[in-house]
Structures are given as structure tokens and as C-alpha cells.
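Read through the structure below, which is laid out as C-alpha cells, and then see the notes.
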Amino acid sequence: MTSEQLRYVVELANYHTLQKTADALHLTKSGLSKAIHQIEDELGLQLFHRTPSGTYLTRQGQELLPTMEKELNINFKLHQQASSLQNSPDGKIVRIGHANSLLKPVFTEFLQMKKASHSTKLEISQHSIAKLIDLVRSQQLDLAFVDLNQSQINQANQSLTFHEIHHGPLQLYLRADNPLSDKKQLTIDDLRSLSFVTMGDQLSQEIFNHLQNICGPLRVTLQTDDYWSACEAVSKLNAGFIVCKMMLKNAIPDFDHWGFREKQLDYLIDDQVYHGWISNPNRPLDQETLQFVDRVAKRIVSVLD
């Protein structure tokens, strides 16, 4: 069965009338009807009921439709990838992953590269840290920009290579008028008095869970995957937010306008976060990709200048 035939079935199941489907596909009604009959003969099944009120899938047709849609999408993806390879002189597609906070520097440099050159096609996707490590390990991604703690680096380094760009401390961010913002060092009781905003990623959850192990149950007013929402909650709800400045400033270019106060927690938790990228030594990167990675790395650290 051809892709065109699959399209006929999928679209007729969507429009429910031969005429509307034929119009959408730029066919004659009789031509579409004949094609559907040919498909049913090939499969040995009746896919549609023809009624005065419309044309609807039979039970067998309903069973087969998801498979047909899947096959059609696979075919489209095949043609899309072939088209991408045609547009790339050396047939090169680089697949890059990133963590939430590192989208802006990766995407900004991607746009600059596309303006300057069409020789490489990039596919950029966002995943959790654990998923990024798995995808680079299985060579489904060529590389990934990540924020890791030491234990995650140790895990990644079992089969991958971590290339550090910068490391810095986690800090607790508070509104300037929060009574705790002027204290030199916060106590466990101080932390218990706060409500917290937390991020949903693995690193943030591990850090917050460790803090709870020391302080006991802590109140969480919001969990989110969006840094702007977290900062808004700190500002509007007077909550606390534990995060690395590098992550915040890469995710939110105008972060400084909030005027938050920073409090150190190094006496309670391992506060070091490492920013960099991971690659698979079994999948060497070409020079053009390495140059792209270097430019992204410079953008990531430039927010601290």
C-alpha cells in the first residue's frame, strides 16, 4: 500500500464524506471512491460504512487507522530527513540536547550559525538530565548541554566525557524585603519558616530532598519547570528559591531586575553545580560542530560578565 493510499483512508476518516475528502486531496469523488475500494480489496476488509449521512469507519477500520497513521508519519519523516540531507552538502545532521536553563544560548547560537552557513543541519531537543545522559550514551544525540552535580558527573563519566564550561554555587534567592534576607547565616529554623519554589528536574529535586533530610519537612508553594514562573513566585509569594545564578541568567536575560538577595547554603548542602556538555567518545564530533559548541559555551558564561 502506498503513502497516497494511506492518506486517502486517513483523510476520509477525518472528513466523513467523499466529496470533502476528494476536494481536500484534489481528486474527483469517483476517483477517491475507486481508490478506497481498491484499498479494501487489497486488505480484504471493509474499512468504511457508506450511509446517507456520511462515510464512517467500520470496526475493522477503527482498529487499523492508528497503524495507518503511524505508517504515514514514518513515511513523512523519511522524506523530511532525506530532504534535510539533500540540503546539507556533506549529508550531516547534528543532534543536540539541552537542559531547560540552557535553551537560550544554544538556540541563539544556532540561529547565528544558520545565517552564516547551511552546511550543517541541527536538530535541538530538550530533556531531563537523566534522559540526556541516556540519549548521548546510546548515540541518539551527538552531544548535550547540561547542568550537573558531582554525582551526576561521576555517573556520566562511566561511558561519556563531560566537558566543563563553568562551575558555581547554588544559592537561596529571597525577596529583598524578606526578613531573612539580611541575616548573615540562616538557621534550620529559618529555613523551616520559609515556603519554597522548586524546579521539577532531577538535580533540583535531589538538592531539595537533601535539604529536607537536614531540616525536616519544608513547605513547597510551587513546583514548576519554568524559571520565570519560579522568580515570579519568589516576588509575589515571598517564597525562597534554591538555584545557581548561571542557570537563572541563561534562562532569564533580565533576571537582575527582580533585585533578589542571595544567601549561601554551602554549610548545609553540596552547593556546587557544573555547567558543560557531554559527548560519547565512540561518536567523535567534526570540527564545525566543535566550533559551534565552543561558541555556545562562551555564550553560557558571558551572562556573568
Search segment 132-150 for residues being surrounded by fewer than 16 Cβ atoms within 10 Å (Cβ to Cβ) and free of Cβ contacts under 8 Å to residues at least 40 places away in the same chain, and hand back the single one that is nearest to the chain's Cα centre (by Cα). D134
For segment 136-169, which positions are among the charged types (D, E, K, R), outside any strand (DSSP E or B) and more than 17 Å from E109 (Cβ to Cβ)? R137
Name every residue in segment 162-179 that is open to solvent by 20 Å² or more (accessible area, probe 1.4 Å) and touching an Asp or Glu at 6+ places or on another chain (Cβ under 8 Å), in order of residue number. P169
Could you go through segment 227-238 and let me know if any residue there is within 14 Å of S101 (Cβ to Cβ), in contact with a strand residue (DSSP E or B) (Cβ under 6 Å, 6 or more places away or on another chain) and surrounded by fewer than 16 Cβ atoms within 10 Å (Cβ to Cβ). no
Among what's in segment 237-296 and is polar (S, T, N, Q) and touching a helix residue (DSSP H, G or I) at 6+ places or on another chain (Cβ under 6 Å), pick the residue that is farthest from Q202 (Cα to Cα). N280
Name the residues in segment 2-42 that are in contact (Cβ under 8 Å) with a residue 40 or more places away in the chain and on the phi < 0 side of the Ramachandran plot, would you? S3, L6, R7, V9, V10, L12, A13, E42
Can S159 be described as within 21 Å of Y274 (Cβ to Cβ), small (G, A, S) and surrounded by 20 or more Cβ atoms within 10 Å (Cβ to Cβ)? no
Anything in segment 258-305 that is more than 20 Å from F241 (Cβ to Cβ), surrounded by fewer than 20 Cβ atoms within 10 Å (Cβ to Cβ) and among the small types (G, A, S)? List them, or say none. S302
Name the residue, out of I93, I74, that is modelled with pLDDT under 90, out of contact with any Asp or Glu (no Cβ under 9 Å at 6 or more places or on another chain) and not basic (K, R). I74
Wholly enclosed strands (runs of 3 or more DSSP E) of segment 190-305 bearing at least 1 residues closer than 26 Å to I153 by Cβ and either without any contact (Cβ under 8 Å) to a residue 40 or more places away in the chain or of a type in the set (S, T, Y) (or both): 195-199, 219-224, 272-279
Within segment 98-117, the residues that are modelled with pLDDT of 80 or more and over 18 Å from V301 (Cα atoms) are L111
Just to be sure before I move on: is S159 more than 30 Å from V136 (Cβ to Cβ) and among the hydroxyl-bearing types (S, T, Y) in the structure I sent? no
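The values are calculated or read from the model by the stated rules, or taken from the named source; none is laboratory data. The structure displayed is predicted, hence computed values, not measured ones. Every residue, glycine as well, gets a Cβ built from its backbone with ideal geometry; the counts of neighbours run over all protein chains shown. Please note that ligands, DNA and RNA were not included when accessible areas were found on the heavy atoms of the full protein model with its side chains. Shrake-Rupley method; radii C 1.70, N 1.55, O 1.52, S 1.80 Å.
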